[in-house]
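Written out below as structure tokens is the structure these notes cover.
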Amino acid sequence: MFEYKNNELYAEGVRVKNIVDNVGSPVYVYSKGHFKAQFEKFNKAFSREHVIAFAIKSNSNLAVIKTFASLGAGADIVSKGELFRAIKAGVDTSKIVFSGVAKRDDEIEYALENDIMMINVESEDELYNVNRVAEKLNKKARIAFRVNPDVDPKTHPYISTGLKKNKFGVPYEEAYDLYLKAKELKNIDVYGIQFHIGSQLLDTTPIYDASVRVADLMRRLTDKGVEFRVVDVGGGVGIVYDEKTDKEPDVNLYARQIEEAFRDFDVKLVLEPGRFLVGNGGILVSKVIYHKTNGQKNFLIIDAGMNDLLRPSLYKAYHKIAPMKKTGSKAIKCDIVGPICETGDFFARDYEIEDVPNGNFIVVFSAGAYGFTMASNYNSRPRPAEVLVSGDSYRVVRERESLEDLIKGEIL
Ligand SMILES: *Cc1c(COP(=O)(O)O)cnc(C)c1O
């Protein structure tokens, strides 16, 4: 949905230059058409009853959440704030699942009051706490345990979550006893089982391996009278960042593997994709401010920083970067860096790119997931605007922050 026509980048039918001219830079630009196409691809892959709970931490703009909600998606939330957003965007609360290791009482209360599908419990402490909060509200809390299946998703260590050494979920060996304990609690409705082993998985076989382990646990628990109504296999399906090395995962294979692993159970499936739905549906457009050479190194200095897009700094993540308008200038090898006072403030290192003159724009691709949601005000920089393109038109769906926004709530 982001394509060059006559050497100029378009987002669907809109010239990206028109957007930066009107909205300024840096700016996130999203393609609604891409979001819809990814959703449909994912949705069609499953033949069993399922709910696609969009992981809204990947992109929590209200207009983006609403795009998926109107296609029938639910939401995977990790905080009260995300639940608030999901409700504001019109997500059906019966399709919301709540993940996270540290849910506070007020968050559990808010979830129960809004009657969400289920709370994914990550420890024994949390189980008793959810029971206690539910009792106070005179409710029965539908829960799943997030089980840590101890399989290696072979992804970046920071986004790998299903290994024994990770903080997430309950250990596979302990889950059996926990389910039996949960079954006895008055204000707990044992509803499902969940796992999420990591993110940016280009090979989904580890999800299949985890499914097989979890299905085995379910068989043993079914024998003890536990009735599962939902299996939630988390998210994690990856996207192509680097066309030279990455291969898009086969979602049809992914769906078949999951359905095969749970074929013996009469359950509804829940999927929690984030990145897959939004990652390649967003770009970050930024202006080149200066060129600079220090000894051996060339720098392209742009007006976006790590506060706007953290992934390269945090994960050394690769993002394809290219000029917004291709002019045929000579390629240079350079570090593409931002204005932040940190050496870690870079988008790419030793990167070959067609030279872009000062004042012209470059585009960081695959910025739709974990882009704006990880943005901060570090160095007192207002966060960028977000724009949603649909066909030949676009809309600002989040205004650029102002200087006044920066000091909102501060007291002299
Ligand atoms: C982050 C997260 C997701 C989404 O992961 P993606 O890699 O973006 O698909 C889903 N479920 C849980 C529990 C998560 O923490």
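Laboratory data are not the source of any read-out in this text; all were calculated from the coordinates shown. Just so you know, these numbers come straight off a predicted model, no measurement behind them. Virtual Cβ from ideal backbone geometry, glycine too; neighbours counted across all protein chains shown.
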In sequence order, what are the phi-derived ³J(HN,Hα) couplings for segment 224-236 according to the Karplus relation 6.51 cos²θ - 1.76 cosθ + 1.60 with θ = phi - 60°, rounded to whole Hz, with x for glycine and proline? 8, x, 7, 10, 8, 10, 9, 10, 10, 9, x, x, x
Highest-fluctuation residue, H291, H319, H196 considered, GNM on the chain with Cα pairs under 10 Å: H291
What are the residues whose amide H is under 5 Å from the amide H of D189, where those residues sit 5 or more places off or on another chain and H is modelled from the backbone? A141, R142, I143
Would segment 42-167 count as rounded, prolate or oblate if I go by the C-alpha gyration tensor, calling it rounded below 1.5 in a/c and otherwise prolate when a/b exceeds b/c, oblate otherwise? oblate
HN-Hα couplings for segment 139-153 via Karplus (6.51, -1.76, 1.60; θ = phi - 60°), in whole Hz with x for Gly/Pro, come out as 10, 10, 8, 6, 10, 10, 8, 7, 9, 9, x, 6, 10, 8, x
Debye-sum result for the chain in log10 I(q)/I(0), which assumes one identical scatterer on each alpha carbon, at q = 0.09, 0.10 Å⁻¹: -0.58, -0.70
How do the peptides 68-79, 390-401 rank, highest first, by the average count of neighbouring beta carbon atoms within 10 Å per residue? 68-79, 390-401
Using the structure shown, select from K44/K154; K287/K333; K41/K325; K140/K167 the pairs with a Cα to Cα distance greater than 24 angstrom. K44/K154; K41/K325; K140/K167
Estimated 222 nm signal from helices in the chain, with DSSP H stretches of n ≥ 4 weighted -39500 (n - 2.57), rounded to 500: -8000 deg cm²/dmol
Can you compute the modelled spin-label distance between K44 and R263, with each label point 7 Å from Cα toward Cβ, in nm? 2.4 nm
May I ask you to sort F98, F365 by Cβ crowding, counting other Cβ atoms within 10 Å and putting the fewest first? F365, F98
Quick check on packing: order 38-49, 375-386 by the mean number of other C-beta atoms within 10 Å, highest mean leading. 375-386, 38-49
K164 versus E135: modelled label distance in nm, points set 7 Å from Cα along the beta carbon direction: 3.4 nm
Relative contact order for the chain: what is it in percent, counting Cα pairs under 8 Å that are at least 6 residues apart? 19 percent
With a 10 Å radius around each residue's Cβ, average the other Cβ atoms per peptide and rank 336-345, 126-135, highest first. 126-135, 336-345
Label-point gap, in nm, between R219 and F84 - each point 7 angstrom along Cα→Cβ: 4.6 nm
So for segment 366-412, using the alpha carbon gyration tensor with a ≥ b ≥ c as root eigenvalues (a/c under 1.5 gives rounded; past that, a/b versus b/c decides prolate or oblate), I'd call it oblate
From phi via Karplus (6.51, -1.76, 1.60), per-residue ³J(HN,Hα) for segment 285-298 in Hz, x at Gly/Pro: 9, 9, 8, 6, 8, 9, 10, 7, 10, 10, x, 7, 9, 9
Roughly speaking, what is the stretch gain from I411 to K297, that is 0.36 nm per residue apart minus the C-alpha to C-alpha distance, in nm to one decimal? 36.7 nm
